[in-house]
């Protein structure tokens, strides 16, 4: 059995007075994925949460930095304790070397 939910969050725009203009935040979209899976054969349950976001893009959109974070928690009925949790974070840098000519 697999349960999956996908959503997104974006930051609110900020007011543009002189101080806020210097520290202006860019609008971001964060994709969130939540999943739960149970394996009856191994009696194991896995819960996962992943967030993916475009962190930065150059003015010509040829260079981009994306980031993601994932947390996975696994439990097994045969094990004592709280199970195990793994954390993963990634940064991805992409540059398009093609000329616009």
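Derivation of every value follows stated rules applied to the coordinates shown; laboratory data play no part. It should be emphasised that the depicted structure is a prediction, and the values quoted were computed from it without experimental measurement. So basically every Cβ, Gly included, is an ideal-geometry build from the backbone, and we count neighbours across all protein chains shown.
Quick notes
- Inter-site label distance for residue 96 and residue 31 at 7 Å from Cα along Cβ, in nm: 1.8 nm
- Based on C-alpha pairs under 8 angstrom that are at least 6 apart in sequence, the range 47-98 has a relative contact order of 36 percent.
- Once the C-beta distance of residue 41 and residue 88 is scaled by a Förster radius of 25 Å, the resulting FRET efficiency is 0.45 to the nearest 0.05.
- Approximate spin-label separation residue 77-residue 64, in nm, with each point projected 7 Å along Cα-to-Cβ: 4.4 nm
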